[in-house]
Amino acid sequence: MQATQTTAQTTVDPAEVAKFEAMAAEWWDVNGKFKPLHMLNPCRLDYITSQIALEFDRDLTQPEPLKGLRLLDIGCGGGLLSEPMARLGAEVVGADAAPRNIPVAQVHAEQQGLVIDYRNVTAEALAEAGEQFDVVLNMEVVEHVADPQAYTDACAALLKPGGLMICSTINRNPKSFMMAIVGAEHVMRWLPKGTHDWNKFITPDELYGLIEKAGLLPVDRKGFVFNPISWSWSLSDRDLSVNYVSASTKP
């Protein structure tokens, strides 16, 4: 996850970077601090691939269906999304503001025989360099930055015309406080205490506002819903009360 320095060039907040730096070595431990992301990942991938297939008219049953698409995974962490995107044929750049995440991601990709361009860089720096992508994955990052609008603007600038941004985050309401902070950090201890700041959570309407102000067109949104009985995640058209994801395009 990308975190956030309040300067003119970046929305990176050093305290947020430090949190994820401390957990860097555990990215690929399915029972470690990133267990919630490993559990959520199949659901995230289902949404991401279906939206890309829809937008770019790709057949997901074919080998390497994302071939020819340049994709940015901003706040890539250890590469939990970058790797499956590379396997599907996309040309992947994985970027993260936390320096220690990058070697972890690089080593794991090499072990898997995958070629992924991992960089310790911010969205703002990539935009300033004029980088352009067909797809930007902006997953669980916007709630960690110092200036969500400036960060969203940078992500929008990175998209080619006709490009697609997938953005997920956490809603701000009493239920999300109970589930994402009390439940995940204090009861289940899936995440270290203090990983999330409830005040920085973003409602779906607020996210749509950020996206539209950045010049993008929201085209879809779904909820990620955890079922404690089946111990699994699923997509919901209606329940955006805690974790949710949106798709938007650049005209």
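Evaluating Ala247 against the criteria (1) open to solvent by less than 20 Å² (accessible area, probe 1.4 Å); (2) farther than 24 Å from Leu54 by Cα; (3) assigned to a strand (DSSP E or B) leaves one unmet condition, (2).
State all residues of the range 226-238 that are crowded, with 18+ Cβ neighbours inside 10 Å and assigned to a loop (DSSP other than H, G, I, E, B); if no residue qualifies, say none. The answer is none; no residue qualifies. Give me the residue from the range 217-233 that is modelled with pLDDT of 95 or more and over 17 Å from the mean Cα position of the chain (by Cα) and, out of that set, nearest to Pro148 (Cα to Cα). Out of the qualifying residues, it is Leu217. Residues that are assigned to a helix (DSSP H, G or I), surrounded by fewer than 24 Cβ atoms within 10 Å (Cβ to Cβ) and at pLDDT 95 or above within the range 97-123 are absent altogether.
Applying the set (1) touching a residue at least 24 places away in the same chain (Cβ under 8 Å); (2) under 26 Å from Thr49 (Cα atoms); (3) surrounded by 15 or more Cβ atoms within 10 Å (Cβ to Cβ) to Gly223 leaves exactly one unmet item: (1). Here's a check for you: in the range 193-210, which residue that is open to solvent by less than 60 Å² (accessible area, probe 1.4 Å), hydrophobic (A, V, I, L, M, F, W, C) and part of a helix (DSSP H, G or I) is nearest to Met178 (Cα to Cα)? So the residue we want is Leu207. Residues that are part of a helix (DSSP H, G or I) and either in contact (Cβ under 8 Å) with a residue 24 or more places away in the chain or within 30 Å of Thr11 (Cα to Cα) (or both) within the range 51-75 comprise Gln51, Ile52, Glu55, Phe56, listed in sequence order. Touching a Pro at 6+ places or on another chain (Cβ under 7 Å) and surrounded by fewer than 19 Cβ atoms within 10 Å (Cβ to Cβ), is that true of Asn171? The answer is no for Asn171. In this structure, Asp134 does satisfy being of a type outside the set (A, V, I, L, M, F, W, C) and either open to solvent by less than 40 Å² (accessible area, probe 1.4 Å) or not in a helix (DSSP H, G or I) (or both).
The criterion of being on the phi < 0 side of the Ramachandran plot, among the acidic types (Asp, Glu), in contact (Cβ under 8 Å) with a residue 60 or more places away in the chain and part of a strand (DSSP E or B) does not hold for Asp46.
The values are calculated or read from the model by the stated rules, or taken from the named source; none is laboratory data. None of the values given here were measured: they were computed from a predicted structure. Every residue, glycine as well, gets a Cβ built from its backbone with ideal geometry; the counts of neighbours run over all protein chains shown. Please note that ligands, DNA and RNA were not included when accessible areas were found on the heavy atoms of the full protein model with its side chains. Shrake-Rupley method; radii C 1.70, N 1.55, O 1.52, S 1.80 Å.
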